[in-house]
Structure formats: C-alpha cells, structure tokens
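Scroll down for the structure; my scribbles are underneath it.
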Amino acid sequence: MWNEFSGEKRMKILLATDGSSYSKAAVDEVANRLFPVNTKVCIVSVYERMSLINTLEPMGVSHEYYAEVDQNAFKSAKKITENAAKILRDKNPALIVTTVVIEGSPKSAILKEAETFGADLIIVGSHGHGVIEGFLLGSVSQAVALHAKCSVEIVRK
C-alpha cells in the first residue's frame with residue numbers, strides 16, 4: 001500500500017504462528033530482516049474450537065469441559081502472538097506490530113485475515129512433513145501458498 005503523504009510503499013506482512021519451533025523460525029526471520037520504515041506486521045494465531053467439534057457428550061464429558069478447553073486454546077494462542085510480538089518489537093523496533101487471535105481452520109483463517117489486512121506478504125513456518133505426511137495431515141503452509149492472493153514465504157527450520 002502506498003503512503004499517500006510521502007509516496008512511499010508501506011509493506012504489510014501477515015505472520016502466522018502456532019507457537020511451534022517451526023513458527024519460531026519464521027518469527028526470528030522477520031525479526032532479523034530489514035524492512036522499509038513503517039512496515040506493518042500482523043501476527044496471527046489460529047485455534048480450532050473443541051466445543052464445535054464435539055457437540056455430543058461422549059462418555060460423560062460435559063459441554064463445560066469443552067468450553068474450558070476452548071478458553072485455554074484461546075489463551076494459549078493469545079500468549080503465542082504476544083510472545084512473537086515482543087520478539088519483533090525488541091529486535092526490530094521500526095516495525096509496526098499488531099496481533100490477532102482467530103477461531104477457525106488455520107488454512108482458511110490465515111487466508112481470510114491476509115485479505116482483510118491487505119497483506120503484501122504472508123510468512124509461515126513449515127513443519128517439513130514429507131509428501132505422504134503432508135497429504136495425510138494437510139499442510140497449512142502449502143494450502144496458504146496455493147490459495148493466497150499475495151506472495152507467500154515459507155520458512156524452514
């Protein structure tokens with residue numbers, strides 16, 4: 001996006017993280033790289049709700065239990081984004097850093113948030129699964145790279 005006052009390009013990066021060591025490599029990559037002044041980085045973490053997945057109460061497990069699991073997943077995702085933001089702000093204070101936690105499927109939530117944010121670049125870590133594991137598990141980084149409307153960088157550990 002062009003800055004209407006200075007005519008400079010203001011880059012917008014969406015950094016997706018799940019708190020894994022693979023995502024940490026992506027956070028470190030952004031923290032240690034030089035970007036144009038006023039580059040905006042939106043750090044996003046996505047969690048899936050258990051209460052939607054498990055609407056039945058198998059073997060006496062209550063809805064309250066699933067609600068607590070969901071709340072803990074939200075808190076964990078929030079902490080992940082806050083930790084990543086601290087790393088970026090400490091190592092690269094020129095970046096304008098925001099965070100967002102989203103409930104949903106990681107693949108679609110990352111793509112939707114990138115569009116909403118107007119990202120020029122999406123950066124994700126790769127778990128490095130092989131072809132068969134990636135097919136069976138469903139690679140988030142691969143899905144993002146295939147369907148994003150902007151550039152995607154996949155960082156390997």
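The values are calculated or read from the model by the stated rules, or taken from the named source; none is laboratory data. Given the structure is predicted, the values throughout are model-derived calculations rather than measurements. Quick reminder, even Gly has a Cβ in these numbers, built from the backbone with ideal geometry, and neighbours come from all protein chains shown. Ligands, DNA and RNA are excluded from the accessible area calculation, which covers all protein heavy atoms including side chains. Shrake-Rupley method; radii C 1.70, N 1.55, O 1.52, S 1.80 Å.
Cβ contacts < 6 Å: first residue in contact (Cβ under 8 Å) with a residue 12 or more places away in the chain and under 12 Å from ALA16 (Cβ atoms), restricted to segment 96-125; second residue open to solvent by less than 40 Å² (accessible area, probe 1.4 Å) and of a type in the set (D, E, K, R), any location; separation 6+ or different chain. Result?
ALA119/LYS12
When you check SER20 against the structure, is it at pLDDT below 90 and at negative phi, yes or no?
The answer is no for SER20.
Is it the case that VAL30 is modelled with pLDDT of 95 or more and not in a helix (DSSP H, G or I)?
No: the conditions fail for VAL30.
Name the strands (runs of 3 or more DSSP E) wholly within segment 83-156 that hold at least 2 residues that are more than 12 Å from the chain's Cα centre (by Cα) and modelled with pLDDT of 90 or more?
96-103, 151-156
Name the residues in segment 32-52 that are within 13 Å of ALA85 (Cβ to Cβ) and surrounded by fewer than 20 Cβ atoms within 10 Å (Cβ to Cβ), would you?
LYS40
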